Amino acid sequence: MLLDKTNVVLGVTGSISAYKAAYLTRQLQKKGAQVQVVMTAAATEFITPLTFNTLSNRNVYTGMFEGDNAGTRHIDLGKWADVILVAPATANIIAKVARGIADDLLSAILLAFAERKIMFAPAMNVNMYNNPVTRENIEYLKGIGYYFVEPDSGELACGDEGAGRLPEISTITEHLHRYLHSGKLLNGKRVVITAGPTREFLDQVRYISNRSSGKMGYALANEAAKEGASVTLISGPTTLKPPSGVETINVESAQEMQQELRQHANKIDYLFMAAAVEDIAPAQQDSKKLKKEFINDNLSIKVNPDIVQDFRDKDQEVCIIGFSLEMEKGLKRSKEKMRQKGLDYIVWNDPEQEGAGFEVDTNEVVLIAKNEETYKFQKAPKRKIAEQIINRVVMHNE
Ligand SMILES: Cc1cc2nc3c(=O)[nH]c(=O)nc-3n(C[C@H](O)[C@H](O)[C@H](O)COP(=O)(O)O)c2cc1C
């Protein structure tokens, strides 16, 4: 499991979203972590230590001076922890850490933690979050290596609108995983990525193709290589530079892509099908340039084989991430596609959204898992979207 043998001190502070830390405790344990909860006095006003005690099967610490081993607890917990996650993190705890204040157990542990592998998931009112004092504290802590998960925006518990909501639990665990394992997420894994369009030739010069630029697939290849995978990129014609550290195989037609892909059946861990494989091809091909007088109004077209389904038929084990470009009823149609083709995940994008789909450098997608869990990734550069897709798939899958 992804957080196997990971000792996490989970600091819970006095935010209205403190109850969500109970789900977080469970989620961290599911991923294999040992979780030691430390609560501030304010946190106990929102949720009881008993809840965490029951969930974590450990004593929950709430005070500096209570119980056995009180004298060295703030030091011992820092030695035990691989990481300290403060979620939710109040404006107050962030301010205290930034100024080295250690007036309760959690702040003392944070100050005494020599490794300083510390992650905050802030949650607070939008005005508290945007206050220049809080901003400065956060920037200062980021500057000396502390990790912050951006809060979500939306309606807050107090009724105000804006940034300050505790992010989804899955987002927090994904960030924790990335924080601890960045650069190693796909160590030892073999990954094949297809990218770009295919060209379906009518003759030596004419072809049917589409507007895919290959940018999403290339971004995935770069990111998978960065995370330690051994990557093969099977690319249709693009103008992009082959990513470094990636074996790149250039193909033109869907048939060539299928042949290359088949070589990898039962040999890989992940297949990202980001290519826009042409669905149709001229029924006949001419080896020379067809003369105009031989071309009539009714050129016959055939449907290309479904190369991802073909791959699934040959390899039942590989984790396949498909991509779908759908406009109307896109989510529903993408789910159907995932089921029909036996995919593990599908990434849906809607080219009608500004800054998504073909040719552009950004994307906005929804990742759907086989169990129908869905994750929306806001508009961002394709590199960032690739990072999020890989992270979420690896987190979800392993
Ligand atoms: C109902 C209620 C909700 C609160 N929610 C938050 C919050 O979400 N974030 C925050 O920074 N402070 C919040 N506060 C204020 C903190 O609880 C207060 O600053 C406290 O001193 C924080 O202590 P701690 O950082 O030691 O947990 C809230 C207070 C109340 C009464």
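I want to confirm something. Restricting to segment 211-233 and keeping residues that are outside any helix (DSSP H, G or I) and of a type in the set (Ser, Thr, Tyr), which single residue is surrounded by the most Cβ atoms within 10 Å (Cβ to Cβ)?
Per the stated criteria, the residue is SER212.
Assuming ASN7 fulfils every condition listed in (1) closer than 27 Å to LEU156 by Cβ; (2) surrounded by fewer than 18 Cβ atoms within 10 Å (Cβ to Cβ); (3) in contact with a helix residue (DSSP H, G or I) (Cβ under 6 Å, 6 or more places away or on another chain) apart from one, which condition is it?
(1)
Restricting attention to segment 146-160, report how many residues are within 25 Å of the chain's Cα centre (by Cα) and either away from the ligand (no atom under 13 Å from the Cβ) or at positive phi (or both).
Going through segment 146-160 one residue at a time, the tally reaches 8.
Give segment 87-96 a look and list any residue that's within 9 Å of the ligand (Cβ to nearest atom) and either touching a residue at least 60 places away in the same chain (Cβ under 8 Å) or acidic (Asp, Glu) (or both), or say none.
Answer for segment 87-96, where residues must be within 9 Å of the ligand (Cβ to nearest atom) and either touching a residue at least 60 places away in the same chain (Cβ under 8 Å) or acidic (Asp, Glu) (or both): PRO88, ALA89, THR90, ASN92, ILE93.
Could you list, in sequence order, the residues of segment 116-143 that are under 22 Å from LEU10 (Cβ atoms) and away from the ligand (no atom under 14 Å from the Cβ)?
Scanning segment 116-143 gives ARG116, LYS117, ILE118, MET119, LEU141, LYS142.
Among the residues of segment 55-76, what is the count of those that are under 30 Å from the mean Cα position of the chain (by Cα) and assigned to a helix (DSSP H, G or I)?
So the answer is 2.
Across segment 97-115, what is the number of residues that are away from the ligand (no atom under 11 Å from the Cβ) and farther than 25 Å from ALA163 by Cβ?
Here the count works out to 9.
Based on what the data block shows, is LEU176 in contact with a Leu (Cβ under 7 Å, 6 or more places away or on another chain) and not assigned by TED's automatic domain parsing to the domain that holds ASP269?
For LEU176, the condition - in contact with a Leu (Cβ under 7 Å, 6 or more places away or on another chain) and not assigned by TED's automatic domain parsing to the domain that holds ASP269 - is met.
Residues in segment 25-40 that are exposed (fewer than 14 other Cβ atoms within 10 Å of the Cβ) and either assigned to a loop (DSSP other than H, G, I, E, B) or hydroxyl-bearing (Ser, Thr, Tyr) (or both): how many?
Looking only at that region, the number is 1.
Might you check whether a residue that is under 27 Å from the mean Cα position of the chain (by Cα) and in the same structural domain as PRO282 (by TED's automatic domain parsing) occurs anywhere in segment 199-211?
yes
With surrounded by 12 or more Cβ atoms within 10 Å (Cβ to Cβ), at negative phi and assigned to a loop (DSSP other than H, G, I, E, B) as the only criterion, which of GLU278, GLU317, GLU336 stands out?
None of the other options fit; the residue is GLU278.
So that you can scan it fast, the table gives a plain yes or no per residue for (1) in contact with a His (Cβ under 8 Å, 6 or more places away or on another chain); (2) surrounded by 18 or more Cβ atoms within 10 Å (Cβ to Cβ); (3) within 23 Å of SER213 (Cα to Cα):
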site	(1), (2), (3)
PHE323	no, yes, yes
TRP348	no, yes, yes
PHE358	no, no, yes
LEU367	no, yes, yes
GLU373	yes, no, no
ALA386	no, yes, yes
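Which of the residues spanning segment 234-260 are buried (at least 19 other Cβ atoms within 10 Å of the Cβ) and within 21 Å of ALA380 (Cβ to Cβ)?
Of everything in segment 234-260, just one residue is buried (at least 19 other Cβ atoms within 10 Å of the Cβ) and within 21 Å of ALA380 (Cβ to Cβ), namely PRO243.
Among the numbered criteria (1) within 25 Å of GLU398 (Cβ to Cβ); (2) touching a residue at least 40 places away in the same chain (Cβ under 8 Å), which single criterion is violated by SER324?
(2)
Could you tell me whether any residue of segment 19-38 is near the ligand (Cβ under 9 Å from one of its atoms), among the hydrophobic types (A, V, I, L, M, F, W, C) and in the same structural domain as PHE65 (by TED's automatic domain parsing)?
Within segment 19-38, not a single residue is near the ligand (Cβ under 9 Å from one of its atoms), among the hydrophobic types (A, V, I, L, M, F, W, C) and in the same structural domain as PHE65 (by TED's automatic domain parsing).
Tell me which residues, restricted to segment 162-178, are more than 14 Å from the chain's Cα centre (by Cα) and away from the ligand (no atom under 16 Å from the Cβ).
Answer for segment 162-178, where residues must be more than 14 Å from the chain's Cα centre (by Cα) and away from the ligand (no atom under 16 Å from the Cβ): there is none.
Here is a list: ILE169, ILE208, ILE193. Which entry is crowded, with 23+ Cβ neighbours inside 10 Å and modelled with pLDDT of 90 or more?
After ruling out the rest, the residue left standing is ILE193.
Within segment 3-18, which residues are near the ligand (Cβ under 8 Å from one of its atoms) and either within 22 Å of the chain's Cα centre (by Cα) or in a loop (DSSP other than H, G, I, E, B) (or both)?
THR13, GLY14, SER15
State which residue is farthest from SER107 (Cα to Cα) when the search covers only segment 52-62 and only residues that are buried (at least 18 other Cβ atoms within 10 Å of the Cβ) and away from the ligand (no atom under 13 Å from the Cβ).
LEU55
The values are calculated or read from the model by the stated rules, or taken from the named source; none is laboratory data. Computed from a prediction, not measured in an experiment: that's the story for all the values here. Every residue, glycine as well, gets a Cβ built from its backbone with ideal geometry; the counts of neighbours run over all protein chains shown.
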